[in-house]
Amino acid sequence: MIEYKGKKIPKIDMHTHIMPEHMPDFKARFGYGDFIMLDHHKPGAAWMMQGGNRFRQIYENCWSGKAIIEDREKFGIDVSVICTIPVLFSYWAEPKDGLEVAKFLNDDISKTVEQNPKDFIALGTAPMQDTNLAIKEMERCIKELGMPGLQIGSHIQDKNLSDPELFPFFEAAADLGAAIFVHPWDMMGMDRMRRYWLPWLVGMPAEVSLAICSVIFGGILERLPNLKLCFAHAGGSFPQTIGRIEHGFNVRPDLVAIDNHINPKEYIGKFWLDSITHDADTLRNVLNIFGSEKVCLGSDYPFPLGELHPGKMIEEEMTELDTAVVEQIYYKTTCDWLGIDIKDYV
């Protein structure tokens, strides 16, 4: 909890990643695939290994709930919404194998919550490559593991989120009241963006905008007005290009408005975003477009491209914000999206 203009305000970080400390050898078990494993090469550190290659070095705060709590105390974070690392989605796997991976990840993250029920809220994962299996695992996460929702990727292999095969999943999520967090992964144009970390700098914002445009133009939000979607990284490039998106809808409806004839701006306020912009003016623009009622504090912890001190930019560079607006961003919007009561945690 922090003090802002004389008032104590709880902070929920709704975008924190975590993974199991030890991963099974799924490649040996299934007989194929570059499933992630961990090489704990020194105390408190491990290499994420993908197909025998080093993918990323991670540290104890990527698998230890205790380490996360110790870290976040420096920033006044009271509750962390934890979800898996997108590279673990494994949407490319055979559906039954993807289900086994998802169950392992969900059971592990559920244990973290059980051990720290006031500190963590978990979002599950599901084998989105098979809609029926994904729905069943989502139901298990919510009904048996007590999770408020799931995290999914910005696309499912070669399918955008508007693909008709995915609609039953969103329909089931709406019926369950599940909160769905859409996170970029497996970025487009990887072959042309190997240098300069461009997949993360350019590809990720584009992936999020692609996901938002897909659910708008595909009519997902029109058909399922109660669907609770939240998009990572402050909506990526979508807020900065909404004028161009609307203009395209207006001048070439024959190409854009083929599945949904509603102006895309009509859907602003009907989905959520996290707050990760790394720039105060950009966040001001996001708040101006979407309102604080649709912007949740997020960090992308523990990765370096995330907000390393969640809320610091707001507290030091955006002091013009009213206390009510900061309260909304810091916890009220996340509570609304997840359907939780802050009194159950702080």
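Numbers at a glance
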item: Candidate set: the stretch 179-199, residues that are more than 19 Å from Gly98 (Cβ to Cβ) and among the hydrophobic types (A, V, I, L, M, F, W, C); chosen: the one modelled with the highest pLDDT; result: Ala179
item: Members of the stretch 271-288 found to be under 18 Å from the mean Cα position of the chain (by Cα) and surrounded by 15 or more Cβ atoms within 10 Å (Cβ to Cβ), listed by number; result: Phe271, Trp272, Leu273, Asp274, Ser275, Ile276, Thr277, Leu283, Val286
item: Residues within the stretch 232-249 that are surrounded by 12 or more Cβ atoms within 10 Å (Cβ to Cβ) and either of a type outside the set (A, V, I, L, M) or more than 19 Å from Leu221 (Cα to Cα) (or both), tallied; result: 12
item: Top-ranked residue in the stretch 49-78 [being surrounded by 13 or more Cβ atoms within 10 Å (Cβ to Cβ) and assigned to a loop (DSSP other than H, G, I, E, B); ranked as modelled with the lowest pLDDT]; result: Gly76
item: Where a residue in the stretch 87-98 is within 8 Å of Pro127 (Cα to Cα) and its partner, wherever it lies, is assigned to a helix (DSSP H, G or I), with Cβ under 7 Å and at least six apart; result: Ser90/Gly98; Ser90/Val101; Tyr91/Gly98; Pro95/Leu133
item: Residue within the stretch 223-231 that is assigned to a helix (DSSP H, G or I), surrounded by fewer than 23 Cβ atoms within 10 Å (Cβ to Cβ) and at negative phi present; result: yes
item: Residue match in the stretch 141-160 (condition: in contact with a Lys or Arg (Cβ under 8 Å, 6 or more places away or on another chain), at pLDDT 95 or above and not polar (S, T, N, Q)); result: yes
item: Residues that are in a loop (DSSP other than H, G, I, E, B) and in contact with a helix residue (DSSP H, G or I) (Cβ under 7 Å, 6 or more places away or on another chain), drawn from the stretch 178-206; result: Ala178, Pro184, Trp185, Met187, Met188, Gly189, Met193
item: Search result, residues across the stretch 1-48 that are assigned to a strand (DSSP E or B) and either under 30 Å from Lys332 (Cα atoms) or touching a Gly at 6+ places or on another chain (Cβ under 6 Å) (or both); result: Ile2, Glu3, Tyr4, Lys7, Lys8, Ile9, Ile12, Asp13, Met14, His15, Thr16, His17
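The values are calculated or read from the model by the stated rules, or taken from the named source; none is laboratory data. It should be emphasised that the depicted structure is a prediction, and the values quoted were computed from it without experimental measurement. Note: ideal-geometry Cβ built from the backbone for every residue, glycine included; neighbour counts use all protein chains shown.
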